[in-house]
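Read-outs: derived from the displayed coordinates by stated rules, not from any lab. Not measured: the values here are computed from a predicted model. As a convention, Cβ positions derive from the backbone with ideal geometry for all residues, glycine included, and neighbour counts pool all protein chains shown.
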Amino acid sequence: MLAFLTHFAEAPKANIEFLYHDSSSQPAPTQYTDLLELLGDIRMLHLTQAQKEELRRTLRNDLATGDIHEIWRHRALRKNLIHSLGRIV
């Protein structure tokens, strides 16, 4: 979570829209072929391929300091921030 928050610290001030609400009872994936699967459904973000690659790099960096469960637990917050700020965090 610390790595994720350091990305957010650089973000400009904005109103956060809470469009994403994930169930905490939903288990994290045990197998995945793409790191983006750790965020659940991201279709509403309408990311370009370049943004998806940037998000994959960010998730790889987060995995260096955390684990998939941490990314999974905070997926709704991350998606809300990306949607509201218009940039990858």
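Listed peptides 71-78, 28-35 appear in the order 71-78, 28-35 once ranked by packing, highest mean of other Cβ atoms within 10 Å at the front. The modelled label-to-label distance between Leu36 and Arg73, using points 7 Å beyond Cα along the C-beta direction, is 2.6 nm. Here the 3J(HN,Hα) profile of region 17-32, calculated from phi with Karplus coefficients 6.51, -1.76 and 1.60 at θ = phi - 60°, is 9, 9, 8, 9, 9, 9, 6, 6, 7, 6, x, 5, x, 8, 10, 8 Hz, Gly and Pro shown as x.
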